[in-house]
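Have a look at the structure below before the remarks.
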Amino acid sequence: MWITNGSVADLAIVWAVTDEGVRGFLVPTDSPGFTATDVHRKLSLRASVTSELVLDEVRLPDDAVLPGVVGMRGPLSCLTEARFGIVWGTMGAARACFRTALEYATTRVQWGKPIGGFQLTQRKLADMAVELTKGMLLALHLGRMKDEERLLPQHVSLGKLNNVREALAIARESRSVLGASGVTLEYPVIRHMNNLESVLTYEGTNEIHTLVVGEALTGLRAYE
Ligand SMILES: Cc1cc2nc3c(=O)[nH]c(=O)nc-3n(C[C@H](O)[C@H](O)[C@H](O)COP(=O)(O)OP(=O)(O)OC[C@H]3O[C@@H](n4cnc5c(N)ncnc54)[C@H](O)[C@@H]3O)c2cc1C
């Protein structure tokens, strides 16, 4: 379920349990027995289709299997790369929301002055700037660790967990700065906010990354 671009792709990469352990397969989507059905009525990540892939008695040649990758290392290494990208991407969404809120706050006038001149709005802007700066620095730090080949999956979990959480909080706070205008697509804020709800869930849910960090700290597994 929930495979991005599932119905438009020519090729699906499918990780499946075999007698040898988990293997990766290149599956042409025109293979007999392969069907992709789109999920409709999404209110998040609407720019891409998301599909349910069904493989019913699909037969593949021997060379469809990815060579040299047996077990979870293959899929998990792909995910660690993708999640590292999310650590940055979420800050891009948060920055777009923050900048929109800042511009709105300095131009929308109430009681003779911009709403950014009221202390409560300044507090929102200051808190958002603090979390945006911390999230960017965390991403930069993880990037440097990656360059030095010191980055572990649990570091990426910590970054994904924090930056998605804070980006969502920044999007919500920005939405409130915009008042009613924040709920329209005239501004990018609610679009980022809704998209970030998917990011909270995909590439490892918020809960599972919490448990990864918990395991790294305690040595105890709490997944099952
Ligand atoms: C728009 C979109 C696009 C996506 N694209 C892709 C894609 O291209 N490829 C792909 O592989 N996946 C994709 N996903 C799927 C995504 O990775 C899954 O939705 C995600 O892994 C969660 O799985 P689930 O939806 O089955 O939730 P569930 O597993 O049913 O989880 C529901 C809730 O229970 C919690 N939970 C589950 N198990 C535990 C546990 N052991 N301990 C504590 N809490 C737990 C979860 O954290 C979550 O909060 C996409 C999802 C969305 C929304």
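Going through region 153-175 one residue at a time, which ones are open to solvent by 10 Å² or more (accessible area, probe 1.4 Å), closer than 19 Å to residue 79 by Cβ and either among the hydroxyl-bearing types (Ser, Thr, Tyr) or free of Cβ contacts under 8 Å to residues at least 60 places away in the same chain (or both)? Listed by number, the residues that qualify are 155, 158, 161, 162, 165.
Here residue 16 passes the criteria (1) surrounded by 11 or more Cβ atoms within 10 Å (Cβ to Cβ); (2) at pLDDT 95 or above except the one numbered (2).
For region 178-207, taking the residues that are without any contact (Cβ under 8 Å) to a residue 24 or more places away in the chain and within 18 Å of residue 161 (Cβ to Cβ), the one that is farthest from the ligand (Cβ to nearest atom) is identified as 201. Every condition in (1) within 16 Å of the ligand (Cβ to nearest atom); (2) open to solvent by less than 70 Å² (accessible area, probe 1.4 Å); (3) touching a Ser or Thr at 6+ places or on another chain (Cβ under 8 Å) is met by residue 10 except one, and the failing one is (2).
So, of the residues in region 103-124 that are among the hydrophobic types (A, V, I, L, M, F, W, C) and in a loop (DSSP other than H, G, I, E, B), which turns out to be farthest from residue 169 (Cα to Cα)? Lay out the reasoning, then the answer.
Just the residues of region 103-124 that are among the hydrophobic types (A, V, I, L, M, F, W, C), to begin with: 105, 109, 111, 115, 118, 120.
Okay, now just the ones that are also in a loop (DSSP other than H, G, I, E, B), so 111, 118.
Working: 111: 28, 118: 21 Å.
Step by step, filter region 103-124, then rank; the result is 111.
Residues in region 100-142 that are surrounded by 15 or more Cβ atoms within 10 Å (Cβ to Cβ), closer than 30 Å to residue 81 by Cα and either of a type outside the set (A, V, I, L, M, F, W, C) or in contact with a His (Cβ under 8 Å, 6 or more places away or on another chain) (or both): 100, 131, 135, 142.
The values are calculated or read from the model by the stated rules, or taken from the named source; none is laboratory data. Computed from a predicted model, the values in this text were never measured in an experiment. Every residue, glycine among them, receives a Cβ derived from its backbone with ideal geometry; neighbour counts consider all protein chains shown. All accessible areas refer to the heavy atoms of the entire protein, side chains included, with ligands and DNA or RNA removed. Shrake-Rupley method; radii C 1.70, N 1.55, O 1.52, S 1.80 Å.
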